[in-house]
Amino acid sequence: MAAEREQLIELLQQAYWMEIETVMSYISNSINPDGVRAQEIRESLQEDIQEELGHATQFGERIKELYGVVPGSLEFSASQSYLQPPEHQTDIVHVIKGVIEAETGAIDHYNRIVEFCDDKDLVTQDMVIAILRDEEGHRRLFEGFLREYKAEGLA
Ligand SMILES: [Fe+2]
Ligand SMILES: [Fe+2]
């Protein structure tokens, strides 16, 4: 049981860092993009920042409830290469695709946690399912944005 809890804490710590990095990426991408069409994307990311921050906090709190420790900043290592600022700040498709990739990464990882929690920890499972639903909503929204660009031959 103790070994399994350790494993779960590690999965939750990874989820915590994913949320923190997403907050960083969404802040920059809610500011950098230029152009009329960038406005919608910027506003949408601004809203998501608060949600992702809430997710990070929930993961942190659950780590503590399971007798783990929320990691310090020195343990952070970045991995969202796809959400770095594009060469041109009018390149909105780059941002949209990056967001879809980040959300997909979160969805995959959270599905893994939900599965891991089966018959073990229904409270964590319940929390992660709710967060998973948020991420699916985020991804669906940006898939819709991408669809519009594709219809116009811009993506
Ligand atoms: Fe999130
Ligand atoms: Fe998200």
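The values are calculated or read from the model by the stated rules, or taken from the named source; none is laboratory data. The shown structure was predicted, so the numbers you read here are calculated from the model rather than taken from an experiment. Cβ sites come from the backbone with ideal geometry, for glycine too, and all protein chains shown count toward neighbours. Only protein heavy atoms, including side chains, enter the accessible area calculation; ligands, DNA and RNA are left aside. Shrake-Rupley method; radii C 1.70, N 1.55, O 1.52, S 1.80 Å.
Remarks
- Residue match in segment 145-152 (condition: assigned to a loop (DSSP other than H, G, I, E, B), modelled with pLDDT under 95, open to solvent by less than 60 Å² (accessible area, probe 1.4 Å) and over 15 Å from SER25 (Cα atoms)): no
Residue-by-condition table, conditions (1) touching a residue at least 24 places away in the same chain (Cβ under 8 Å); (2) within 21 Å of ARG112 (Cα to Cα):
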site: GLN7; (1), (2): yes, yes
site: GLU10; (1), (2): no, yes
site: MET18; (1), (2): yes, yes
site: SER30; (1), (2): no, no
site: ALA38; (1), (2): yes, no
site: ARG42; (1), (2): no, no
site: GLN46; (1), (2): no, no
site: HIS55; (1), (2): yes, yes
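- Of VAL93, VAL70, VAL36, all but one fail to be exposed (fewer than 15 other Cβ atoms within 10 Å of the Cβ) and over 14 Å from the mean Cα position of the chain (by Cα); the exception is VAL36.
- Any chance GLU43 is open to solvent by 70 Å² or more (accessible area, probe 1.4 Å), assigned to a helix (DSSP H, G or I) and either among the β-branched types (Val, Ile, Thr) or touching a helix residue (DSSP H, G or I) at 6+ places or on another chain (Cβ under 6 Å) (or both): no
- Enumeration of residues in segment 109-129 that are open to solvent by less than 60 Å² (accessible area, probe 1.4 Å) and over 13 Å from the mean Cα position of the chain (by Cα): ILE113, VAL114, PHE116, CYS117, ASP121, THR124, GLN125, MET127
- Set GLU6, GLU52: member being under 18 Å from the mean Cα position of the chain (by Cα), among the acidic types (Asp, Glu) and either assigned to a helix (DSSP H, G or I) or at pLDDT 95 or above (or both): GLU52
- Restricting THR57, THR22 to those that are among the β-branched types (Val, Ile, Thr), within 13 Å of ligand 2 (Cβ to nearest atom) and in a helix (DSSP H, G or I) reduces the list to THR22.
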